[in-house]
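Enquirer: One structure, pasted below without further comment.
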Amino acid sequence: AEYMGQLVTKYSPTGTTTRGTLNNCGTGKTPWGSFLTGEENWFGYFTRGAADDAARGNDKSVTALKRYGRNQGAASRHGWESGGTADQYQRWNNSKTGTSADGSDDYRNEMNGMGY
């Protein structure tokens, strides 16, 4: 992918790589041979801390997160973020936990790589 600021994470500090999507319940083959996929419940896999709005300075990302149903303090569906301290678990917590301006030291933007 080309650099996109909303995709910057600890995993991809250049904002050019995501780890894919999840679930993908609605998949279908198009007449020209490609596949389209989607998932209507993708946002429920992420959690946000109770003070995340203030940590983000109530910026535009807060509005977007609330639009997708991720209010601050929202619990995740399966608690994957509680599996340990490794990135594979922490990426499900999309709270602003780092100090960087762009999200390169946490997973505040991880949700932006899914659900499209």
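Enquirer: Any idea which residue in region 28-40 is farthest from residue 91 (Cα to Cα), counting only those that are open to solvent by less than 60 Å² (accessible area, probe 1.4 Å) and of a type in the set (Ser, Thr, Tyr)?
Expert: This residue is 30.
Enquirer: Which one of 64, 74 is without any contact (Cβ under 8 Å) to a residue 24 or more places away in the chain and of a type in the set (A, V, I, L, M)?
Expert: It is 64.
Enquirer: Going through region 41-84 one residue at a time, which ones are modelled with pLDDT of 90 or more, hydroxyl-bearing (Ser, Thr, Tyr) and open to solvent by 60 Å² or more (accessible area, probe 1.4 Å)?
Expert: 63, 82
Enquirer: State all residues of region 47-67 that are among the β-branched types (Val, Ile, Thr) and under 17 Å from residue 99 (Cβ atoms); if no residue qualifies, say none.
Expert: The answer is none; no residue qualifies.
Enquirer: Between a first residue in region 21-33 that is in contact (Cβ under 8 Å) with a residue 40 or more places away in the chain and closer than 13 Å to residue 45 by Cα and a second residue that is in a loop (DSSP other than H, G, I, E, B) and open to solvent by 80 Å² or more (accessible area, probe 1.4 Å), which pairs have beta carbons less than 9 Å apart while being 6 or more apart in sequence or on different chains?
Expert: 21/116
Let's see how each residue does on (1) in contact with an Asp or Glu (Cβ under 8 Å, 6 or more places away or on another chain); (2) free of Cβ contacts under 8 Å to residues at least 24 places away in the same chain:
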| site | (1), (2) |
| --- | --- |
| 6 | no, no |
| 11 | yes, no |
| 54 | no, yes |
| 58 | no, yes |
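Enquirer: For residue 21, indicate whether it is at pLDDT 90 or above, under 24 Å from residue 5 (Cβ atoms) and open to solvent by 70 Å² or more (accessible area, probe 1.4 Å).
Expert: no
Enquirer: I've got another one for you. Identify, please: which residue in region 24-40 is in a loop (DSSP other than H, G, I, E, B) and modelled with pLDDT of 85 or more and is, among those, nearest to residue 107 (Cα to Cα)?
Expert: 34
Enquirer: Moving to a separate point now. With (1) of a type in the set (Gly, Ala, Ser); (2) open to solvent by less than 20 Å² (accessible area, probe 1.4 Å); (3) in contact (Cβ under 8 Å) with a residue 60 or more places away in the chain as the list, and residue 104 as the residue in question, which single condition is left unmet?
Expert: (2)
The values are calculated or read from the model by the stated rules, or taken from the named source; none is laboratory data. None of the values given here were measured: they were computed from a predicted structure. Methodologically, a virtual Cβ is constructed for each residue, glycine included, from the backbone with ideal geometry; neighbour enumeration extends over all protein chains shown. Ligands, DNA and RNA are stripped out before the accessible areas are found, and what is left, the full protein with its side chains, is counted by its heavy atoms. Shrake-Rupley method; radii C 1.70, N 1.55, O 1.52, S 1.80 Å.
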